[in-house]
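The values are calculated or read from the model by the stated rules, or taken from the named source; none is laboratory data. On a predicted model such as this, the values are computed, not experimentally measured, just so you know. Don't worry about glycine lacking a Cβ; one is built from the backbone with ideal geometry, like all the others, and counts go over all protein chains shown. What goes into the accessible areas is simple: the full protein's heavy atoms, side chains included, and nothing from ligands, DNA or RNA. Shrake-Rupley method; radii C 1.70, N 1.55, O 1.52, S 1.80 Å.
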Amino acid sequence: MNDVRRAAPKDGAANSPEPRCGEQASPLSPGKGMGDRQMHAVPPLLHRRRLFLWGALALLMIALPLVFNKGFALSLLCQISIMVIFALSYNMLLGQTGLLSFGHAVYFGTGAFATMHTLNLLGKTATLPVSMLPLVGGLAGLLGGVLFGYVSTKRAGTTFAMISLGIGELVASASLMFPAVFGGEGGVSGNRVIGKAAFGITFGPQIEMYYLIAAWTFVCMLAMYALTQTPLGRMANAVRDNPERAQFVGYDPRWVRYIMMILAGFFAGIAGGLSALNYEMVTAETLGAWTSGVVLMMAFVGGIGFFYGPIIGAMLISMLAIAVAGVTKAWLFYFGLFFLTMVLYAPGGIASLLAMHKRLWNAGQLTKVMPAYALVALPLLITFCGVIGLVEIAYHHAEGVDEPLQIFGADIDVMSAATWLMALLVLAVGLILLKLTWPRVSEAWRRVLAGIDGKEAA
Amino acid sequence: MNVPALQLTEVRKSFGQTVIINGVNLSVPQGERHAIIGPNGAGKSTLFHLASARFPVTSGGIFLKGESVTSLKPHQINRRGLSRSFQVTNIFTNLTVFENVRCSVLWALDYRYSFWQRLAALRDANQQARRVIAEIGLAHRSDTVAGILSYAEQRALEIGITIAGGADVILLDEPTAGMSKSETGDAVALIRRVTEGKTLIMVEHDMSVVFDLADRISVLVYGEIIATGTPAEIRANRTVQEAYLGTTFAEEHHD
Ligand SMILES: Nc1ncnc2c1ncn2[C@@H]1O[C@H](COP(=O)(O)OP(=O)(O)O)[C@@H](O)[C@H]1O
Ligand SMILES: [Mg+2]
């Protein structure tokens, strides 16, 4: 429908300009009639609005290192970029085809190892430019998809999920059995500065590496977006929604899933290849369960129902991981808590929250929910503090750390019952206030949405 | 043109010990509109599931335009020109009406698993989808998500998806079930229009629809076809009257 909507760029809520993942226009956004779509000219791949978005994105990616040029910020940018490709490739399965994979790291890792070994082979001969090496990773990921996709795509649902988990474990344990290929515990390392420098670019400096990653990321994003606008991309949505019906319009759901999986493996492999070049090191962890879990989290938190959801997720999770891990040992716990909260209260992910608010914005009604938001802000903050307080006390207590826990410069005795009671009290107060005030938010939304629906119906 | 469009020979189907279809023979010539009637639970839907390969047969043969399709998969049979609708609406609920119909024309137009062509640039697919949507009277709804259509609209879409690919053997399972009188009238007109020149086999409960549309009728009772013939023959058939038509028939056609 995106392609169709492109022909009618100017109407309101119905036409989301964002690249969406297939056809997930929710019932919240009924379309307008088909008048505009009767246009006979074939709409261009990127109509003006979308062209603008992609252009802005390209400029942003070019300009970012001008601001974030410090070592740390720059390597964060590199990592985010790589994860954007990886998360988008994951969503080709989950969001677009309805395949819940617990083993997507297999393709990322395969790509990373293949790239690293090729790099090390090239070290002696240098026949392929380093900038093209991620393609080797892509091909390795693709081969992985050909191999493992064949055994796993016959069924979707639980069967697929279980098989993906099994394959993930299988490959991860195999990686430890063949230290010659996977480097055992220490992994495989290499040096990306090989061969003659073309135009003085060696990819030695991180900034050069960043631009290489950014270029690949941009191309992959565009390619994956374009894929959602093809017959295969749309049939993937159809197979996700109703595999049985897809059969009765001539499609073999298994082939649709299989091809999608091969292509997703390809893009995951490119991401893996970039990561190999970026870190000049690949360990078995790259293709293990942790990596598979993180990419699932990124896609889900960002929003699997929208093309751009996983991009948000990749940025957010990468930054959170670094920011939170920097200040507390309990970061994994917070991660789990955050994920849980999202699954429970915003299963559509950040992207769907944005889309909901954008609908209000388009209708000029966004301010109507703001008072309710202001009301719950304080209860949210109190709850937040209560949770953090409790978690930190518990962590310090469990670890028996000698140095005292410091919050706002004040020493806190994690052994005293008073401290625990205090934290519990804060949490309880926060939760009670939240329970009391949240209905205002629901009510505000209900009223505003009823208003918008009424207007649309009229 | 004397090969039957669809032929079933000695088709049997049992679920475990229960025999549901018990040696059905049926031959539908090309271009015929054939109705299958029978009491609830007679096995009419099951017969459609067998003909369209949703279920495998326990024994017997199924021939589409003379070729055996007995052991094929649903998508393979569909590619050979047999398309079917479902008694319980079976559509892509999260896709728009337009996308539902466009998905149904893609294979027929040979786009297969293409990931190198843009949907928006496929003029023939888009035009055919629009034409079908206009035909089923959902033009004003084409950007609506199929899941929120009214019941009658979903039934129309179900027919649209079934005929969109241009299959020449169409199986419709109770297309008018649950519709009001006027909706039924519209549906009959629609079915007549979209199956022009094609072979139609339909399961239908509404006798006025059956006698209105069908060239020939088969009566299925307890998994067996007890009679096949023109509407007049079926109306006059003793066994049919006793076994099935009885009251319904008398009420609707003898007063
Ligand atoms: N998958 C199945 N497993 C077991 N029994 C079934 C199955 N499908 C249908 N049946 C049984 O087969 C009989 C015929 O069903 P059906 O073909 O739906 O009848 P009809 O369409 O004529 O009303 C019913 O008694 C039903 O319970
Ligand atoms: Mg039935």
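Taking the stated definitions as given, is B:L82 within 15 Å of the chain's Cα centre (by Cα), within 16 Å of ligand 2 (Cβ to nearest atom), under 22 Å from A:P253 (Cα atoms) and open to solvent by less than 20 Å² (accessible area, probe 1.4 Å)?
In short, no.
I'd like the residue in region A:245-255 that is at the interface with another protein chain (Cβ under 7 Å from one of its Cβ atoms) and assigned to a helix (DSSP H, G or I) and, out of all such residues, is surrounded by the most Cβ atoms within 10 Å (Cβ to Cβ).
Filtering first and then ranking leaves A:R245.
Taking the stated definitions as given, is B:V28 in contact with a strand residue (DSSP E or B) (Cβ under 8 Å, 6 or more places away or on another chain), within 15 Å of ligand 1 (Cβ to nearest atom) and either open to solvent by less than 10 Å² (accessible area, probe 1.4 Å) or not in a strand (DSSP E or B) (or both)?
no
Look at region B:83-107 and say how many of its residues are facing chain A (nearest Cβ under 7 Å), in a loop (DSSP other than H, G, I, E, B) and farther than 11 Å from A:N237 by Cα.
3
Sort out which residues of region B:180-201 are away from ligand 2 (no atom under 16 Å from the Cβ) and of a type in the set (A, V, I, L, M), and write them in order of number.
B:A187, B:V188, B:A189, B:L190, B:I191, B:V194, B:L200, listed by residue number.
Tell me, please, whether a residue that is assigned to a helix (DSSP H, G or I) and of a type in the set (F, W, Y) can be found in region A:200-208. Walk me through it before giving the result.
Looking only at region A:200-208, we keep the residues that are assigned to a helix (DSSP H, G or I), and these are A:206-208.
Subset that is of a type in the set (F, W, Y): none.
No, region A:200-208 contains no residue that is assigned to a helix (DSSP H, G or I) and of a type in the set (F, W, Y).
How many residues are open to solvent by less than 60 Å² (accessible area, probe 1.4 Å) and either under 25 Å from the mean Cα position of the chain (by Cα) or on the phi > 0 side of the Ramachandran plot (or both) when one looks only at region B:109-120?
Total satisfying the criteria: 2.
Whether any residue in region B:11-22 is within 16 Å of ligand 2 (Cβ to nearest atom), within 14 Å of another protein chain (Cβ to nearest Cβ) and either without any contact (Cβ under 8 Å) to a residue 24 or more places away in the chain or out of contact with any helix residue (DSSP H, G or I) (no Cβ under 9 Å at 6 or more places or on another chain) (or both) is what I want to check.
No, region B:11-22 has no match at all.
Quick grid of which residues meet (1) under 23 Å from A:G98 (Cβ atoms); (2) buried (at least 17 other Cβ atoms within 10 Å of the Cβ); (3) free of Cβ contacts under 8 Å to residues at least 40 places away in the same chain:
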position: B:K44; (1), (2), (3): no, yes, no
position: B:S68; (1), (2), (3): no, no, yes
position: B:N78; (1), (2), (3): yes, yes, no
position: B:F86; (1), (2), (3): yes, yes, no
position: B:L122; (1), (2), (3): no, yes, yes
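Taking region A:429-453, which residues are among the hydrophobic types (A, V, I, L, M, F, W, C) and surrounded by 14 or more Cβ atoms within 10 Å (Cβ to Cβ)?
Listed by number, the residues that qualify are A:V429, A:L431, A:L433, A:L434, A:W438, A:V441, A:A444, A:W445, A:V448, A:L449, A:I452.
B:A164 is checked against (1) small (G, A, S); (2) open to solvent by less than 20 Å² (accessible area, probe 1.4 Å); (3) touching a strand residue (DSSP E or B) at 6+ places or on another chain (Cβ under 8 Å) and fails just one. What number does that condition carry?
(3)
Hey, does region B:47-59 have a residue that's under 21 Å from B:S83 (Cβ atoms), away from ligand 2 (no atom under 16 Å from the Cβ) and buried (at least 17 other Cβ atoms within 10 Å of the Cβ)?
Yes, region B:47-59 has at least one match.
In region B:133-181, how many residues are in contact (Cβ under 8 Å) with a residue 40 or more places away in the chain, of a type in the set (A, V, I, L, M) and more than 16 Å from ligand 1 (Cβ to nearest atom)?
13
Table: residues versus (1) among the aromatic types (F, W, Y); (2) closer than 25 Å to A:T230 by Cβ; (3) in contact with a Cys (Cβ under 7 Å, 6 or more places away or on another chain); (4) not assigned by TED's automatic domain parsing to the domain that holds B:N25.
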residue	(1), (2), (3), (4)
B:T58	no, no, no, no
B:K65	no, no, no, no
B:V69	no, no, no, no
B:K73	no, yes, no, no
B:I91	no, yes, no, yes
B:W107	yes, yes, no, yes
B:Q127	no, yes, no, yes
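Report yes if B:T58 is of a type in the set (S, T, N, Q) and within 16 Å of ligand 1 (Cβ to nearest atom), otherwise no.
So B:T58 passes the test.
Considering region B:202-211 alone, what residues qualify as being in a helix (DSSP H, G or I) and surrounded by 17 or more Cβ atoms within 10 Å (Cβ to Cβ)?
Selection gives B:M207, B:V209, B:V210, B:F211.
State the number of residues belonging to region B:119-154 that are among the basic types (K, R) and touching a helix residue (DSSP H, G or I) at 6+ places or on another chain (Cβ under 7 Å).
Within region B:119-154, residues that are among the basic types (K, R) and touching a helix residue (DSSP H, G or I) at 6+ places or on another chain (Cβ under 7 Å) number 1.
Restricting attention to region A:38-55, report how many residues are touching a helix residue (DSSP H, G or I) at 6+ places or on another chain (Cβ under 9 Å), modelled with pLDDT under 65 and part of a loop (DSSP other than H, G, I, E, B).
Of the residues in region A:38-55, 6 are touching a helix residue (DSSP H, G or I) at 6+ places or on another chain (Cβ under 9 Å), modelled with pLDDT under 65 and part of a loop (DSSP other than H, G, I, E, B).
Identify all residues within region B:5-20 that are surrounded by 15 or more Cβ atoms within 10 Å (Cβ to Cβ), more than 8 Å from ligand 1 (Cβ to nearest atom) and within 23 Å of B:N40 (Cβ to Cβ); write none if there are none.
Once the filter is applied, which keeps residues that are surrounded by 15 or more Cβ atoms within 10 Å (Cβ to Cβ), more than 8 Å from ligand 1 (Cβ to nearest atom) and within 23 Å of B:N40 (Cβ to Cβ), region B:5-20 yields B:L8, B:V11, B:R12, B:K13, B:V19.
Do we have B:A177 as aliphatic (A, V, I, L, M), within 16 Å of ligand 2 (Cβ to nearest atom) and either open to solvent by 20 Å² or more (accessible area, probe 1.4 Å) or outside the structural domain of B:Q30 (by TED's automatic domain parsing) (or both) here? Can you show your working first?
Details: aliphatic (A, V, I, L, M): yes; within 16 Å of ligand 2 (Cβ to nearest atom): yes; either open to solvent by 20 Å² or more (accessible area, probe 1.4 Å) or outside the structural domain of B:Q30 (by TED's automatic domain parsing) (or both): yes.
The answer is yes for B:A177.
Being small (G, A, S), within 16 Å of ligand 2 (Cβ to nearest atom) and open to solvent by 10 Å² or more (accessible area, probe 1.4 Å) is the filter here, so list the residues in region B:31-42 that pass it.
Within region B:31-42, B:G41 is the sole residue that qualifies.
Considering only region A:284-299, I want to know if a residue exists there that is within 30 Å of B:D168 (Cα to Cα), aromatic (F, W, Y) and in a helix (DSSP H, G or I).
Within region A:284-299, not a single residue is within 30 Å of B:D168 (Cα to Cα), aromatic (F, W, Y) and in a helix (DSSP H, G or I).
Across region A:278-290, what is the total count of residues that are open to solvent by less than 20 Å² (accessible area, probe 1.4 Å) and within 15 Å of the chain's Cα centre (by Cα)?
0
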